[in-house]
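*Asks:* My questions will all concern the structure given below.
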Amino acid sequence: MDRGTVTLPTIGVDQEKVGSEILDVEEIGPNRYRLIYSPGLVEGLAAGDEFELTDENAAGFNVVRRSGNLCAWLIFDEPPDFSAPNIKDLEARVQGMGGHLDGGTHRSLIFTIPLRAGFKAIEEILDGFVEAVEGTHWFYGNVYDPKEPAKPLNWWLEQR
């Protein structure tokens, strides 16, 4: 399999393209890709998901197969000290659930966590961090419909 990148649009609240993100992928077939790392801006995908590029929707892709991973974004109002003990502890707790830190920016961390860890366990860890660290927020990147942010995608119901 060839490794490479694809560029997908980032979509704003009004479903307009507001930017783009370059994603690391493995090409697994004609116009078909497997995501290597969870994205930091593109909604609806997590590491391991397979997708096809398309012009049929604003997102620029259709998911072909879900990996069973959840994408979680931790956002900081101000750039943190990423070597701080509380951040290292959070990373260790995510690893303890079988997840990992995929990367981030100067104000964010991007985690991939397997669905088998359970929503409750994931939410307890991330909610606990946000409660303890002022100026932080977290979101799932592939759980809610970007068009209707309160509506779950429910892809995980097919994983059971």
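Every read-out reported here was derived from the displayed coordinates using simple, explicitly stated rules and does not represent laboratory data. All figures in this text were calculated on a predicted structure; none of them were measured in a lab. With ideal geometry, Cβ positions are generated from the backbone for all residues, glycine too; neighbour counts draw on all protein chains shown.
*Asks:* Normalised by the empirical 2.2 N^0.38 Å for globular proteins, what value does the Cα Rg of the chain take?
*Replies:* Numbers: Rg = 15.5 Å, N = 160, 2.2 N^0.38 = 15.1 Å.
That ratio works out to 1.03.
*Asks:* Between ASP77 and LYS151, what FRET efficiency comes out of the Förster formula 1/(1 + (r/R0)^6) with R0 = 22 Å and r the beta carbon distance, rounded to 0.05?
*Replies:* Numbers: r = 27 Å, r/R0 = 1.22.
E between LYS151 and ASP77, to the nearest 0.05, is 0.25.
*Asks:* Taking 35 Å as R0, compute the FRET efficiency from the Cβ-Cβ separation of ALA84 and PHE139 and round it to 0.05.
*Replies:* Once rounded, the FRET efficiency stands at 0.95.
*Asks:* Calculate for the chain the 222 nm mean residue ellipticity that helices alone would give, adding -39,500 (n - 2.57) per DSSP H run of length 4 or more and normalising by residue count, nearest 500 deg cm²/dmol.
*Replies:* -5000 deg cm²/dmol
*Asks:* Quick one: dipole size for the chain, taken about the Cα centre, charges +1 on Lys/Arg Cβ and -1 on Asp/Glu Cβ, in debye to the nearest 20.
*Replies:* Working: 14 positive and 27 negative charges, 105 e Å.
Computed about the Cα centre, the dipole is about 500 debye.
*Asks:* Please identify, among PRO79, PRO114, PRO146, the residue showing maximal mean-square fluctuation in a Gaussian network model of the chain using a 10 angstrom Cα cutoff.
*Replies:* Highest fluctuation among the options: PRO79.
*Asks:* Hey, another quick one. Could you work out the percent of alpha carbon pairs in the range 96-135 separated by over 11 Å, rounded to a whole number?
*Replies:* 68
*Asks:* To the nearest 0.05, what FRET efficiency results for LYS17 and VAL130 with a Förster distance of 35 Å applied to their C-beta separation? Mind dumping the intermediate values first?
*Replies:* Details: r = 29 Å, r/R0 = 0.84.
That gives a FRET efficiency of 0.75.
*Asks:* For the chain, modelled as a GNM with alpha-carbon contacts under 10 angstrom, which of LEU126, LEU45, LEU90 fluctuates the most?
*Replies:* Most flexible of the set in this elastic network: LEU90.
*Asks:* In addition: Given the options ASN142, ASN62, ASN86, which has the most mean-square fluctuation in a GNM of the chain, springs set between C-alpha atoms less than 10 angstrom apart?
*Replies:* So, out of ASN142, ASN62, ASN86, the one fluctuating most is ASN86.
*Asks:* I need the chymotrypsin sites (Phe, Trp or Tyr not before Pro) found in the range 1-99, filtered to DSSP loop residues with at most 15 other beta carbons within 10 Å of theirs. Could the numbers behind the result be given before it?
*Replies:* On the way: sites: TYR33, TYR37, PHE51, PHE61, TRP73, PHE76, PHE82; in loops: TYR37, PHE82.
The qualifying sites are PHE82.
*Asks:* I'd like the orientation of helix 85-96 relative to the chain: the angle between its Cα long axis and the longest Cα principal axis, in ° from 0 to 90, rounded to 10.
*Replies:* Approximately 50 degrees, to the nearest 10.
*Asks:* Simple spin-label model, 7 Å along Cα-to-Cβ: ARG65 to MET97 in nm?
*Replies:* Computed distance between label sites ARG65 and MET97 equals 2.5 nm.
*Asks:* At 7 Å along the Cα-to-beta-carbon direction for both PHE119 and GLN159, put a label point, then send me their distance in nm to one decimal.
*Replies:* Taking the simple label geometry, PHE119 and GLN159 are separated by 1.1 nm.
*Asks:* Another question, then. Hey, how many Å between the Cα centroid of the range 47-87 and the Cα centroid of the range 139-160?
*Replies:* 12
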